[in-house]
Amino acid sequence: MTTRQGHPVTDNQNIRTIGNRGPATLENYHFIEKISHFDRERIPERVVHARGAGAHGVFEAYGKVGDEPIAKYTRAKLFQEKGKQTPVFVRFSTVGHGGHSPETLRDPRGFAVKFYTEDGNWDLVGNNLKIFFIRDAMKFPDLIHSQKPDPVTNIQSGERIFDFIANTPEATHMATFLFSPWGIPANYRQMQGSGVNTYKWVNADGQAVLVKYHWEPLQGIRNLTQAEAESIQAKNFNHATQDLFEAIKEGNYPEWELCVQIMSDDDHPELDFDPLDDTKLWPADQFPFLPVGKMTLNRNPVDYFNEVEQSAFGTGVLVDGLEFSDDKMLQGRTFSYSDTQRYRVGANYLQLPINAPKNQVVTNQRGGQMSFHSDFGQGQNPHINYEPSTLNNVKEAPKAGKDYEPRYEANLVRQKIDRTNDFKQAGETYRNFEDWERDDLITNLVNTLATADKRIQDKMIEHFTLADADYGRRVAEGLAKTSKSQEDKGPIGAISPEAGVKDAKQKSH
Ligand code: HEM
């Protein structure tokens, strides 16, 4: 055993004192190093998605998209050859509560994948559900504040959650998923993932298509009713982390197939929704799920803090052949992730092994807190940390293909998109559920809305009715039977006594 200075530690049990009962001395380097490091063991937790679990693995490309050569749509190198392997790191998470909160809570689940490609890192930062509550990044802090604990009581409140949702009609579809069993995946291995936002693929000729990404678990899909989640939570609030860690430790490696949906790169006036609207599903019959590769998670982290807590994913982290779309959520997210990580982890977060790309990094960025190496290129003159230069051999990289150069012509405005169509797909999703899923949804909505102000209840009933008459009627009837009482106030989703775990295998939303 040594100190961090490399000095041998010969006594790790006793601080240095004057006599064995006397006051301590301040020059006790070993003790002060140990205790002051302990005092700094925590960094700020993620403002959302604080509770997570991670694993390493590999992505293997199929070399095609469905039956077509993938190069027709994207030149991204990781997808081109059949059997090509790219190392990955994945972090799964819940969203709303803190770093050690129960993993049984009703909440979207994060599904963030870092691909360490030969062209640098690609982060696909997704959730288990395929849609989201809002379609404009401006609303994200308000959405999250409504779902986080009340700033006075520090307790999450169903009334606050539905106060926001009732005033945000586009959230009706997401609320329909979230309050159904799809809002509590049974574990991380048996859940889907989705990029949610619309991205683009670009081929060697600089032509683009719109694309959505989806992970389909080869273990099948399993969700929990509220009652099942509660019985797990009574005994174990780490069940999803434990399930993932133990499966990998036992060699039972979880796998997901990566599928894409593709649309031509235009506004699609023939659709009744905007392809850039993340509150909508792209109907699978019109835009089929096309497999492009498979991911296997086969290695647990050695150190949770170093690998999982300090990992940093962002929607801005794309490789050549992958592009952003104008999806306003995606544009807002892309600023937010690396901004928060410079604060949460530090200015040099990309030097940490979990975040650093596996190809060679060559920049002129130097210094900053905790900088511990320089991004020197091969044969680089260490005196020259600028470019262009005659004294250095670091040059810009050659282009991999024609640039994608979209053309814009419009006034600069603050406006919502057309074709908002806030309720139709919520109704379709409601009707597509199986009976047990619909029953659990109604029970959970009624139990949570019962704690809310009557004006919020009425607005929600109106929105559910606009989605589907039966949906609205059942929530209204449930609420009429449940009078609002102070005792009802509690965490979202209360008890559904008759329910049990159900298997949603093969079914995909
Ligand atoms: C984490 C912002 C929407 C998925 C985060 C973090 C921030 C953030 C600040 C913490 C990152 C960190 O500390 O490393 C936003 C903003 C959004 C938005 C501003 C909307 C404008 C979404 C959506 C999804 C999503 C739509 C789903 C596709 C995630 C995931 C994480 C995360 C999975 C956790 C990543 C990890 O495991 O480290 N988000 N987010 N976010 N977000 Fe978002």
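Straight-line cross-link partners of LYS235 among the aspartates and glutamates, defined as a Cα under 19 Å from its Cα and at least 8 positions apart when in the same chain: GLU103, ASP243, GLU246.
Taken over region 360-429, the ratio of Cα radius of gyration to 2.2 N^0.38 Å equals 2.13.
FRET efficiency for the pair ARG419 and GLN85, taken as 1/(1 + (r/R0)^6) with r the Cβ-Cβ distance and R0 = 45 Å, rounds to 0.65. Coupling constants for region 25-38 follow from the phi torsions by the Karplus curve (6.51 cos²θ - 1.76 cosθ + 1.60, θ = phi - 60°), and in residue order they are 9, 8, 7, 6, 4, 4, 5, 5, 4, 5, 6, 6, 5, 4 Hz; glycine and proline get x. Here r is the Cβ-Cβ distance between HIS7 and GLU250 and R0 is 41 Å; the resulting FRET efficiency, rounded to 0.05, is 0.50. Between ASP470 and SER231, the simple spin-label model (points 7 angstrom out along Cα→Cβ) gives 2.8 nm. With contacts taken as Cα pairs under 8 Å and at least 6 residues apart, the chain reaches a relative contact order of 19 percent. Taking 0.36 nm per residue of separation and subtracting the Cα-Cα distance, full extension of the segment from ILE15 to ALA356 would add 118.9 nm. Measuring nothing but alpha carbons in the chain and taking Rh as the Kirkwood radius, the Rg to Rh ratio lands at 1.01. Pairs to check: LYS64/LYS139; LYS212/LYS399; LYS72/LYS358. Give those whose C-alpha atoms are more than 30 Å from each other in this structure. Violating the 30 Å limit, Cα to Cα: LYS64/LYS139. Can you tell which of PHE335, HIS100, VAL113 lies farthest toward the positive end of the dipole of the chain, using +1 and -1 charges on the Cβ of basic and acidic side chains (Lys, Arg; Asp, Glu)? Toward the positive end, the furthest listed residue is HIS100. Put a plus charge on the Cβ of each Lys and Arg, a minus charge on the Cβ of each Asp and Glu, and nothing anywhere else: the dipole of the chain about its Cα centre is then about 1180 debye.
Close amide H pairs (under 5 Å, H built 1.01 Å from N) link VAL65 with ILE70, residues at least 5 positions away or on another chain. Run the reach check for LYS481 against lysines, Cα to Cα strictly under 17 Å, same-chain hits fewer than 8 apart removed. What comes back? List returned: LYS454, LYS489.
For the pair region 102-129 / region 383-399, the C-alpha centres are spaced 35 Å from each other. Helix-only arithmetic for the chain: the sum of -39500 (n - 2.57) across DSSP H runs with n ≥ 4, divided by the residue total, places the mean residue ellipticity at 222 nm at -7500 deg cm²/dmol.
Backbone phi angles across region 377-394, fed through the Karplus curve with coefficients 6.51, -1.76 and 1.60 (θ = phi - 60°), yield HN-Hα couplings of x, 4, x, 5, 6, x, 6, 9, 10, 8, 8, x, 7, 7, 8, 10, 9, 7 Hz in residue order; Gly and Pro are listed as x. The length gained by stretching the chain between ASP272 and ILE155 to full extension, at 0.36 nm per residue less their Cα-Cα distance, is 38.2 nm. Applied to region 52-63, the Karplus parametrisation 6.51 cos²θ - 1.76 cosθ + 1.60 on θ = phi - 60° returns per-residue 3J(HN,Hα) values of x, 9, x, 7, 9, x, 9, 10, 10, 7, 8, x Hz, with x for Gly and Pro. In nm, give the distance between the simple-model label positions of THR482 and ASP285, each being 7 Å from the Cα along the Cα-to-Cβ direction. Reported label-point gap for THR482 and ASP285 is 3.4 nm. The fraction of all Cα pairs in region 70-206 landing in successive 10 Å bins from 0 to the largest distance is 10, 33, 30, 18, 8, 1, given as whole percents. Based on C-alpha pairs under 8 angstrom that are at least 6 apart in sequence, region 1-41 has a relative contact order of 28 percent. PRE reach from MET263 (point 7 Å along Cα→Cβ): which of region 200-218 fall under 13 Å by backbone N? Output list for this probe position: 200, 209-213.
Just so you know, all these numbers are worked out from the coordinates, no wet-lab data involved. Since the structure is predicted, the reported quantities are computational estimates derived from the model, not experimental observations. Because the Cβ atoms are built from the backbone with ideal geometry, glycine has one as well, and the counts that use them run over all protein chains shown.
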